[in-house]
Amino acid sequence: MTVIQALLAFSVAAALLTITPGLDTAMVLRTAAVEGPKRAALAALGIMAGCFLWGAAVALGLGVLLAASSLAFTVLKWAGAAYLVWLGIGMILKPRERFDVDGGGKTAGGSDVTWMRRGFLTNLLNPKIGVFYVSFLPQFLPQTAPAAPFIFLLVAMHCAMSVLWFAGLIAATRPLAGALQKAAVVRWLDRLTGGVFLAFGVRLALERR
């Protein structure tokens, strides 16, 4: 496989991966809908940071441990599941009454760094991402290309596609701003999203290698 062939093949595969609904998409959609585009962008930035960290682990060979070690996978799996269940239960039991959907004021969600951290942890504490990167990225590595730089290039391409996808999702939520001024709608959306996060957490806890 030549470098051009590898890049083209990865572009198709990564595009399909990006638009497939998952936990990262749910995180960005919910944040955009109830916290505004700025904080959704920050959460997306945190997700991208998580992707780059997973990519660095693969590029530097550290991801091999996750693929080979049942203990490493189990520890990270349960940490991720606990985090998602904690987020989900919190949203279900304590839904908020009002959100600043325009991003112009303070909400209970915390600082900008908080939203970046949430996106980062949502991505990082999902061992399926790491295992996927370990098994997926090397398949597109040409024999003539240096491993670490080329894998970083693939991760950068995946993140670029994700940025475009997340930007589209954030833009699509703007017509919902008026409805999200209503407390009943906000509570319903928080509980619904909490249920989604809780389901992801339970599914992750039950995931087998």
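The values are calculated or read from the model by the stated rules, or taken from the named source; none is laboratory data. All of these numbers come straight from a predicted model, not from anything done at the bench. Don't worry about glycine lacking a Cβ; one is built from the backbone with ideal geometry, like all the others, and counts go over all protein chains shown.
So here's what we get for this one:
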{"item": "Every residue from the stretch 1-26 that is of a type in the set (Val, Ile, Thr) and surrounded by 11 or more Cβ atoms within 10 Å (Cβ to Cβ)", "result": "Thr2, Val3, Thr18, Ile19, Thr25"}
{"item": "Complete set of residues in the stretch 118-177 that are modelled with pLDDT of 75 or more and of a type in the set (D, E, K, R)", "result": "Arg118"}
